[in-house]
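**Student:** The following block contains the structure, expressed as structure tokens.
The values are calculated or read from the model by the stated rules, or taken from the named source; none is laboratory data. Everything numeric here is computed off the predicted structure, so don't read it as measured data. Quick reminder, even Gly has a Cβ in these numbers, built from the backbone with ideal geometry, and neighbours come from all protein chains shown.
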Amino acid sequence: MYFRKIYIFILTVSIFITGCQKLVTDPGGGEPVIEEENGLIYWGGSFNDFGRGVFETTDGGYAVVGSQYSATTQLDLLLVKFSSSLEFESSATYSGEGIDSLYNNSANDIQQTADGGYVLVGDTFNGSNYDVLIVKFSSELTLTWQDTIKGTYNDYGNSVLEDVDGGFVVCGTSYDGNDEDIMLWKITLANVEDVLTPSYSVLYNSEPTGSDNGTRDFGNYAQQTSDNGYVIVGTSATGIKITKLISDGTVDAAFGTDGILTVGSAGNEGTYIQQTNDLSYIVLGNTEGGAGLQSQVYLNTVSSVGVSVLSRAMGGAYPDAAESLIQTGDGGFIFTGYQYNENTGQDIWVVKLTPTLTTHWDKIYGGDYNDSGASIKATDDGGCIITGSTMSYSNQSEIILLEIESDGCIWSDDHQTKISCGL
């Protein structure tokens with residue numbers, strides 16, 4: 001989350017610079033006005049909005065989670081539901097409980113739950129430091145329950161999954177007063193007089209209580225594996241850190257070296273990991289490379305026992321980055337992030353790769369100012385859906401939704417013609 005906070009800071013600075021064309025003073029909030037240009041759907045209030053996670057729902061529609069400024073100083077969690085034809089259906093905001101309602105609340109990830117609802121994870125500021133925020137909505141977008149994970153210092157929630165036992169697992173980072181540690185927290189629900197009450201426990205800590213490895217480790221994403229264990233990708237001082245756990249949260253000694261594999265090198269950031277169809281793993285991250293040591297996208301395939309197989313760094317002459325990835329039906333991959341252009345700033349970057357990490361197609365989307373893809377998910381028709389943020393169509397950041405067909409094309413605004421085909 002540390003690296004995501006840096007990204008948000010950079011994006012905010014960019015927003016300030018590019019948003020000086022007009023002074024925005026209108027209040028935010030309310031039902032979003034959905035607009036479309038060149039196949040890109042976007043919406044937002046009068047202050048900055050950021051898209052962070054997207055999910056195809058069981059009814060064929062889409063749910064998008066992000067953060068919305070309801071006032072110049074108040075950031076709220078925002079959930080928006082679209083139909084399968086990308087028509088707006090409903091939305092909900094969450095501005096915290098108790099002391100948290102006075103400060104910023106933001107979301108980083110979303111999953112649809114077995115009961116048809118949605119679980120969201122992010123952060124809340126309590127006036128002194130950050131806590132993990134986890135919020136559950138029903139299928140009708142009414143609040144079911146919420147909980148915070150509070151440590152002595154800063155705690156950040158970056159990804160969430162529904163466990164096979166009906167609970168939830170949150171991946172993130174905790175600061176213990178000495179350094180940052182990779183964390184998995186388990187959320188358990190108790191039914192007390194027909195009211196679901198959440199509680200949490202530590203499932204995994206990369207630096208157990210009473211020890212100090214002297215390194216800064218950041219947990220960015222976790223997935224449940226086919227054996228009901230977990231795989232975590234994060235960032236350490238020496239590179240991208242991949243940790244494999246068995247179901248009880250202890251390290252899987254059969255993976256890597258005592259359950260851990262580090263790929264890349266110092267300065268690399270791990271952003272996403274997915275178990276592939278053959279039970280190996282694909283790792284996505286960012287690395288410093290090229291002229292001037294600017295950011296480039298880094299990919300690495302890892303065997304089921306934690307051996308690095310293939311790796312690739314890719315990017316242009318300016319800073320580029322990626323945050324999210326899917327495996328496609330042909331065994332290849334698609335990632336999204338941003339590629340920097342000296343004329344338009346950041347553009348949404350979407351790249352289709354073969355199973356051996358060679359480029360199948362490479363596309364950019366967006367307008368004249370900063371645009372970025374933050375989350376990508378596969379759709380039932382073989383394509384993908386992307387959310388992120390754009391500065392190109394208003395005076396401030398807005399949330400985007402971009403649907404890409406399996407052939408690499410998107411639909412025109414009238415949905416009659418395929419355009420911007422990747423092939």
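**Student:** Please specify each residue of the stretch 126-153 satisfying the condition of being at pLDDT 95 or above and touching a helix residue (DSSP H, G or I) at 6+ places or on another chain (Cβ under 8 Å).
**Tutor:** Those that are at pLDDT 95 or above and touching a helix residue (DSSP H, G or I) at 6+ places or on another chain (Cβ under 8 Å): Asp131, Leu133, Thr148.
**Student:** Looking at (1) closer than 25 Å to Ser406 by Cβ; (2) surrounded by fewer than 22 Cβ atoms within 10 Å (Cβ to Cβ), can you tell me which one Glu342 breaks?
**Tutor:** (1)
**Student:** Among the residues of the stretch 207-214, are any more than 17 Å from Thr152 (Cβ to Cβ), modelled with pLDDT under 90, in a loop (DSSP other than H, G, I, E, B) and not acidic (Asp, Glu)?
**Tutor:** Taking every residue of the stretch 207-214 in turn, at least one turns out to be more than 17 Å from Thr152 (Cβ to Cβ), modelled with pLDDT under 90, in a loop (DSSP other than H, G, I, E, B) and not acidic (Asp, Glu).
**Student:** Something else: For the stretch 61-75, enumerate the residues that are in contact (Cβ under 8 Å) with a residue 40 or more places away in the chain and closer than 16 Å to Ile110 by Cα.
**Tutor:** Passing the criteria: Tyr62, Ala63, Val64, Val65, Gly66, Ser67, Gln68.
**Student:** Which of the following residues is under 20 Å from Thr188 (Cα atoms) and either touching a Lys or Arg at 6+ places or on another chain (Cβ under 9 Å) or free of Cβ contacts under 8 Å to residues at least 40 places away in the same chain (or both): Ser128, Ser138, Ser159?
**Tutor:** Ser138
**Student:** If I ask for residues that are basic (Lys, Arg) and either buried (at least 17 other Cβ atoms within 10 Å of the Cβ) or within 20 Å of Ala378 (Cβ to Cβ) (or both), which ones from the stretch 300-339 would you list?
**Tutor:** Selection gives nothing.
**Student:** Only one residue in Thr235, Thr243 is in contact (Cβ under 8 Å) with a residue 12 or more places away in the chain, in a strand (DSSP E or B), closer than 23 Å to Lys186 by Cβ and in contact with a helix residue (DSSP H, G or I) (Cβ under 9 Å, 6 or more places away or on another chain), so which one is that? Show your work before the answer.
**Tutor:** Values: Thr243 fails: in contact with a helix residue (DSSP H, G or I) (Cβ under 9 Å, 6 or more places away or on another chain).
Being in contact (Cβ under 8 Å) with a residue 12 or more places away in the chain, in a strand (DSSP E or B), closer than 23 Å to Lys186 by Cβ and in contact with a helix residue (DSSP H, G or I) (Cβ under 9 Å, 6 or more places away or on another chain) holds for just one of Thr235, Thr243, which is Thr235.
**Student:** Another question, then. Restricting attention to the stretch 16-32, does a residue exist that is at pLDDT 50 or above and surrounded by 13 or more Cβ atoms within 10 Å (Cβ to Cβ)?
**Tutor:** Within the stretch 16-32, one or more residues are at pLDDT 50 or above and surrounded by 13 or more Cβ atoms within 10 Å (Cβ to Cβ).
**Student:** Further, regarding this structure: Which residue is nearest to Ser308 (Cα to Cα), if the candidates are limited to the stretch 252-267 and must be surrounded by fewer than 16 Cβ atoms within 10 Å (Cβ to Cβ) and touching a residue at least 40 places away in the same chain (Cβ under 8 Å)?
**Tutor:** Thr257
**Student:** Is it true that Ser265 is of a type in the set (Ser, Thr, Tyr), at pLDDT 95 or above and part of a loop (DSSP other than H, G, I, E, B)?
**Tutor:** So Ser265 does not fit the description; no.
**Student:** Looking at the stretch 88-109, which of its residues are closer than 21 Å to Gly388 by Cβ, touching a Gly at 6+ places or on another chain (Cβ under 8 Å) and surrounded by fewer than 20 Cβ atoms within 10 Å (Cβ to Cβ)?
**Tutor:** Glu89, Thr93
**Student:** Could you list, in sequence order, the residues of the stretch 389-408 that are buried (at least 17 other Cβ atoms within 10 Å of the Cβ), touching a Leu at 6+ places or on another chain (Cβ under 8 Å) and of a type outside the set (Val, Ile, Thr)?
**Tutor:** If the condition is that a residue be buried (at least 17 other Cβ atoms within 10 Å of the Cβ), touching a Leu at 6+ places or on another chain (Cβ under 8 Å) and of a type outside the set (Val, Ile, Thr), then Ser389, Ser397, Leu401, Leu402, Glu403, Gly408 are the ones that fit.
**Student:** Restricting to the stretch 337-369, give me the number of residues that are of a type in the set (Asp, Glu) and in contact (Cβ under 8 Å) with a residue 40 or more places away in the chain.
**Tutor:** Taking the stretch 337-369 first, the residues of a type in the set (Asp, Glu) are 342, 347, 362, 368.
Then keep just the ones that are in contact (Cβ under 8 Å) with a residue 40 or more places away in the chain; that gives 362.
Residues flagged as of a type in the set (Asp, Glu) and in contact (Cβ under 8 Å) with a residue 40 or more places away in the chain within the stretch 337-369 amount to 1.
**Student:** Considering only the stretch 330-423, give the strands (runs of 3 or more DSSP E) lying wholly within it that have at least 2 residues that are under 20 Å from Ile282 (Cβ atoms) and not charged (D, E, K, R).
**Tutor:** Where strands (runs of 3 or more DSSP E) fall fully within the stretch 330-423 and carry at least 2 residues being under 20 Å from Ile282 (Cβ atoms) and not charged (D, E, K, R), they are 333-341, 345-353, 359-365, 371-378, 384-390.
**Student:** Scan the stretch 172-228 for residues that are free of Cβ contacts under 8 Å to residues at least 24 places away in the same chain, of a type in the set (A, V, I, L, M, F, W, C) and farther than 30 Å from Ser138 by Cα and jot them down.
**Tutor:** Once the filter is applied, which keeps residues that are free of Cβ contacts under 8 Å to residues at least 24 places away in the same chain, of a type in the set (A, V, I, L, M, F, W, C) and farther than 30 Å from Ser138 by Cα, the stretch 172-228 yields nothing.
**Student:** Please go through the stretch 180-206 and pick out each residue that is under 23 Å from the mean Cα position of the chain (by Cα) and assigned to a loop (DSSP other than H, G, I, E, B).
**Tutor:** Ser206
**Student:** On to the next question. Go through Ser46, Ser85, Ser67 for me and flag whichever is polar (S, T, N, Q), at pLDDT below 90 and buried (at least 19 other Cβ atoms within 10 Å of the Cβ). Please lay out each step first, then the result.
**Tutor:** Numbers: Ser85 fails: buried (at least 19 other Cβ atoms within 10 Å of the Cβ); Ser67 fails: at pLDDT below 90.
Exactly one residue qualifies, and that residue is Ser46.
**Student:** If I go through the stretch 55-109 residue by residue, how many of them are hydroxyl-bearing (Ser, Thr, Tyr), assigned to a loop (DSSP other than H, G, I, E, B) and in contact with a strand residue (DSSP E or B) (Cβ under 6 Å, 6 or more places away or on another chain)?
**Tutor:** 4
**Student:** Further, regarding this structure: Inside the stretch 268-299, can you point out the residues that are at pLDDT below 95 and either touching a Cys at 6+ places or on another chain (Cβ under 6 Å) or surrounded by fewer than 18 Cβ atoms within 10 Å (Cβ to Cβ) (or both)?
**Tutor:** Those that are at pLDDT below 95 and either touching a Cys at 6+ places or on another chain (Cβ under 6 Å) or surrounded by fewer than 18 Cβ atoms within 10 Å (Cβ to Cβ) (or both): Gly290, Ala291, Gly292, Leu293, Gln294.
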